[in-house]
Amino acid sequence: MTTGDVWLPLPPSELAPLPASLRYVHWNGAEDFPADPADCVFYTVPYLKGPHVAVRPLPHMPRLRVVQTLTAGVDHMLPAVPELPAGTLLCNAGPLHNTSTAELALTLALAALRGVPEAVRDQGEGRWRTRILTSLADRRVLIVGYGGIGAAIEDRLLPFEPAEVVRVAGRARTTGRGPVHPATALPELLPGAEVVFLATPLTDATRGLVDAEFLAALPDGALLVNVSRGAVVDTGALLAELESGRLRAALDVTDPEPLPAGHPLWQAPGVLITPHVGGPSTAFRPRAERLVRQQLERFAAGEPLRYVVAEAGEDTSATSLTQ
């Protein structure tokens, strides 16, 4: 039976029932630690507190065996993995954000295609302006990063009757809905993509993936929807395409982030920006509670954990490209 302290960013009483063999302490990023970090064996990272808070207790946790994030991306945690006790597992949030992020991805695509930002501006000025806009129906759609979030995007996309959905991930495979192409196939797939959803994690392989060459391969009028990480896209290259009027974008993430006031991306034509709110919604809390409870039950019982993305002592550069 596994024993030791578990640090939780949610009050333990709100997660009950929890395995009785473990001791639970509540820490959500406060300056003072709630207990001796040396006794912690399972650390659940505070949500939306920033990378500095996320890694601050780690050097003081020599007994640590599991780091559980509540985010799908773990790029903010990977630099700390080599310094963790050997064998410590880093787990991401698995399916926690699939529902909320996929919902926002479709919201951004529909809003951008159907002219909602322009309609809001027109409403503010009392201007009635009717025009024919682009429908999501009959569009050729490309999903880059076909993991849990990518598949959830497709679940919500299909009722809108796209002409085609093309899936891309780090490796080729077959799903019940059809083939998943490897990332190496992107050059031949981009020219046919009218709407591109980015749902890939940020890794060494995906940083700057959407560069000038990637964007130039898209057809005129294509829409880029990014719900992954801002640094997957070369901001300068995207700005050039937006300012030319050739492409459009709907972004929940940017590089830099937060996007500073006065940055040219704010005023670029054809762009819709939301402030990284793909995960934070009312869908978060019940799914976070379920995820943490299930992982702790496995941990206490000595069963393999789910959603392991890295292990201390292994090469973290091998972390999945696009799932």
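The values are calculated or read from the model by the stated rules, or taken from the named source; none is laboratory data. The structure displayed is predicted, hence computed values, not measured ones. Here the Cβ positions follow ideal geometry from the backbone for every residue, glycine too, while neighbour counts run over all protein chains shown.
Only one of the numbered conditions (1) touching a Ser or Thr at 6+ places or on another chain (Cβ under 8 Å); (2) part of a loop (DSSP other than H, G, I, E, B) is not met by Ala151, and that is (2). So, Thr203, is that one at pLDDT below 95 and among the hydroxyl-bearing types (Ser, Thr, Tyr) or not? When the stated conditions are applied, Thr203 passes them.
Of all the numbered requirements in (1) more than 23 Å from Asp252 (Cβ to Cβ); (2) assigned to a strand (DSSP E or B); (3) of a type outside the set (Asp, Glu), Ala185 misses one, and that requirement is (2).
Assess whether Leu259 counts as being free of Cβ contacts under 8 Å to residues at least 60 places away in the same chain, in a helix (DSSP H, G or I), under 22 Å from the mean Cα position of the chain (by Cα) and assigned by TED's automatic domain parsing to the domain that holds Glu118. Step through it out loud before you land on a result.
On the way: free of Cβ contacts under 8 Å to residues at least 60 places away in the same chain: yes; in a helix (DSSP H, G or I): no; under 22 Å from the mean Cα position of the chain (by Cα): yes; assigned by TED's automatic domain parsing to the domain that holds Glu118: yes.
Criteria not met by Leu259.
If you go through segment 1-17 and keep only what is within 18 Å of Ala93 (Cβ to Cβ) and assigned to a loop (DSSP other than H, G, I, E, B), you end up with Pro9, Leu10, Leu15.
Would you say Pro117 is of a type outside the set (Val, Ile, Thr) and more than 23 Å from the chain's Cα centre (by Cα)? Yes: the conditions hold for Pro117. Could you please let me know if Leu142 is under 22 Å from His276 (Cβ atoms) and buried (at least 22 other Cβ atoms within 10 Å of the Cβ)? Taking the combined requirement at face value, the residue does not satisfy it.
Do the conditions hold for Leu239, that is, is it of a type in the set (A, V, I, L, M) and modelled with pLDDT of 95 or more? Yes; evaluated as a whole, the condition is true for this residue. Applying a threshold of 9 Å to beta carbon distances and a minimum spacing of six or more residues, or different chains, the list of pairs starting in segment 47-75 at a residue that is farther than 19 Å from Asp32 by Cβ and in the same structural domain as Asp204 (by TED's automatic domain parsing) and ending at one that is part of a helix (DSSP H, G or I) and hydroxyl-bearing (Ser, Thr, Tyr) is empty. Select from segment 229-248 the residues that are outside any loop (DSSP other than H, G, I, E, B), of a type outside the set (Gly, Ala, Ser) and farther than 30 Å from Thr71 by Cα and list them in ascending order. Those that are outside any loop (DSSP other than H, G, I, E, B), of a type outside the set (Gly, Ala, Ser) and farther than 30 Å from Thr71 by Cα: Glu241, Glu243. Against the condition charged (D, E, K, R), surrounded by fewer than 19 Cβ atoms within 10 Å (Cβ to Cβ), part of a helix (DSSP H, G or I) and at pLDDT 95 or above, how does Glu289 come out, does it pass? Taking the combined requirement at face value, the residue satisfies it. Looking only at segment 262-276, residues that are in a loop (DSSP other than H, G, I, E, B) and farther than 21 Å from Ala102 by Cα come to 5 in all. Within segment 301-313, is there a residue that is part of a loop (DSSP other than H, G, I, E, B), touching a residue at least 24 places away in the same chain (Cβ under 8 Å) and assigned by TED's automatic domain parsing to the domain that holds Thr107? Within segment 301-313 (the criterion being part of a loop (DSSP other than H, G, I, E, B), touching a residue at least 24 places away in the same chain (Cβ under 8 Å) and assigned by TED's automatic domain parsing to the domain that holds Thr107), the answer is no, since none of the residues qualifies. Against the list (1) within 23 Å of Leu70 (Cα to Cα); (2) surrounded by 18 or more Cβ atoms within 10 Å (Cβ to Cβ); (3) at pLDDT 95 or above, the condition Gly279 fails is (3). Would you check if there is a residue in segment 311-318 being exposed (fewer than 15 other Cβ atoms within 10 Å of the Cβ), polar (S, T, N, Q) and either at pLDDT below 95 or touching a Leu at 6+ places or on another chain (Cβ under 9 Å) (or both)? Checked segment 311-318: at least one residue is exposed (fewer than 15 other Cβ atoms within 10 Å of the Cβ), polar (S, T, N, Q) and either at pLDDT below 95 or touching a Leu at 6+ places or on another chain (Cβ under 9 Å) (or both). Just give me the residues in segment 145-163 being under 15 Å from Pro179 (Cα atoms), of a type outside the set (Gly, Ala, Ser) and surrounded by 22 or more Cβ atoms within 10 Å (Cβ to Cβ), in sequence order. Selection gives Tyr146 alone.
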